[in-house]
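Written out below as structure tokens is the structure these notes cover.
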Amino acid sequence: MNGHRRRHIRRAELAAAGAFLLAALGAVGFAVGYAFGAQTQLEGVALAVACAGSAAGLGIGARRLGPAGGHVEEHGGFASPELAAEALADRVTEPGRGWRRGVLVRLLGLAVGSIGLALLFPLRSLIAPRLPGPTHTLRHTPWRSGGLRLVDTTGRPVRADEVTGNDIVVVYPEGHVGAGDAPAFVVRLDPSRFSARPPAAGVGGIVAYSLLCTHAGCAVGLYEQGTGQMFCPCHQSVFDLLAGARPVAGPASRPLPGLPITVDSSGFLRATGDFSSPPGPGYWSRP
Ligand code: FES
């Protein structure tokens, strides 16, 4: 084999090795990106690099390292022609050729193996993780810390003596204004009109309930003072606050969860625990 041909083969081997290495890096990049939730576009680029690298490596190997051109084998004697024997000896004895081919084959294995492993990662998405259901997670809201003061939507603590029977006051736990599962309201009612005890302790006729409708989670913001009823504007569910906020009309089927409250020594309203049941819609808990 002449020197030019040897250089040609070495360059081809180097190019194929580089392509396989690139393919392995692309596959690893895809796997890491997928595991850490990288952008889909980046994952696509990494996968494309992996596939293109393997294709390029295999292409180079087939085109420049394999036998080239068409061959017609003349059947002569059984002994190897002298030239063929020389070529074989050349190939076998060429310094470094054996280990270079070994490295090339290993890199090919690395590229194919990495791509195979990387493609296992998306399978993870098909396995549903065991996450706690919403009934469990919504059973605990920021109110659970107990002892938190009730604050209005601006974060100002609410005093018991400023809660009247004229309208509701929307409240949050102190330090959690805007928390999605925590909005509640307080209003003062005449305890002698209660037909059922509130589901959570009130104080001096002041009751506190979740603001989230138990039908589909809208805010039940319309209070009718005369009847002591709360209306949900979304689908017209009506909750009777004098009867433990049970639904008396509309599609809601669960009472509004109550919030246990007390008055501290400074006259501020404080929660003594969490809602009496998970706030918001509860369709997931139905059989
Ligand atoms: S969300 Fe309140 S009635 Fe539908």
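The values are calculated or read from the model by the stated rules, or taken from the named source; none is laboratory data. Fair warning: this is a prediction, and the values are worked out from it, not measured in the lab. Cβ placement follows ideal geometry from the backbone for every residue including glycine, while neighbour counts extend to all protein chains displayed.
The set of residues from the stretch 142-178 being closer than 19 Å to Ala219 by Cα and aliphatic (A, V, I, L, M) comprises Leu150, Val151, Ile168, Val169, Val170, Val171, Val177. Listed by first and then second residue, the pairs with beta-carbon distance under 7 Å, at least 6 apart or on different chains, first residue in the stretch 258-282 and closer than 22 Å to Glu162 by Cα, second among the acidic types (Asp, Glu) and away from the ligand (no atom under 16 Å from the Cβ), are Gly267/Asp161; Arg270/Asp264. Tallying residues that are in a loop (DSSP other than H, G, I, E, B), away from the ligand (no atom under 14 Å from the Cβ) and either modelled with pLDDT of 95 or more or aromatic (Phe, Trp, Tyr) (or both) within the stretch 224-240 yields 0. Determine if the stretch 247-266 includes at least one residue that is away from the ligand (no atom under 11 Å from the Cβ), buried (at least 22 other Cβ atoms within 10 Å of the Cβ), within 17 Å of Gly205 (Cβ to Cβ) and more than 36 Å from the chain's Cα centre (by Cα). Within the stretch 247-266 (the criterion being away from the ligand (no atom under 11 Å from the Cβ), buried (at least 22 other Cβ atoms within 10 Å of the Cβ), within 17 Å of Gly205 (Cβ to Cβ) and more than 36 Å from the chain's Cα centre (by Cα)), the answer is no, since none of the residues qualifies.
Just wondering, is there one or more residues in the stretch 272-280 that are modelled with pLDDT under 95 and within 14 Å of the ligand (Cβ to nearest atom)? The answer is yes, given that some residue of the stretch 272-280 is modelled with pLDDT under 95 and within 14 Å of the ligand (Cβ to nearest atom).
Reported count of residues in the stretch 10-66, each being under 18 Å from Leu120 (Cα atoms) and of a type in the set (Gly, Ala, Ser), is 15. Would you point out the residue of the stretch 179-192, among those that are farther than 20 Å from Tyr223 by Cα and in contact (Cβ under 8 Å) with a residue 12 or more places away in the chain, that is surrounded by the fewest Cβ atoms within 10 Å (Cβ to Cβ)? Here the residue is Ala179. I need the full set of residues from the stretch 18-46 which are crowded, with 20+ Cβ neighbours inside 10 Å and closer than 14 Å to Leu108 by Cα, in order please. Once the filter is applied, which keeps residues that are crowded, with 20+ Cβ neighbours inside 10 Å and closer than 14 Å to Leu108 by Cα, the stretch 18-46 yields Ala19, Phe20, Ala23, Ala24, Gly26, Ala27.
Every test in (1) at pLDDT below 95; (2) of a type in the set (S, T, N, Q); (3) closer than 22 Å to Cys232 by Cβ is passed by Thr137 save one, and that test is (3).
Being touching a residue at least 24 places away in the same chain (Cβ under 8 Å), within 20 Å of Val169 (Cβ to Cβ) and not acidic (Asp, Glu) is a property that does not hold for Leu222.
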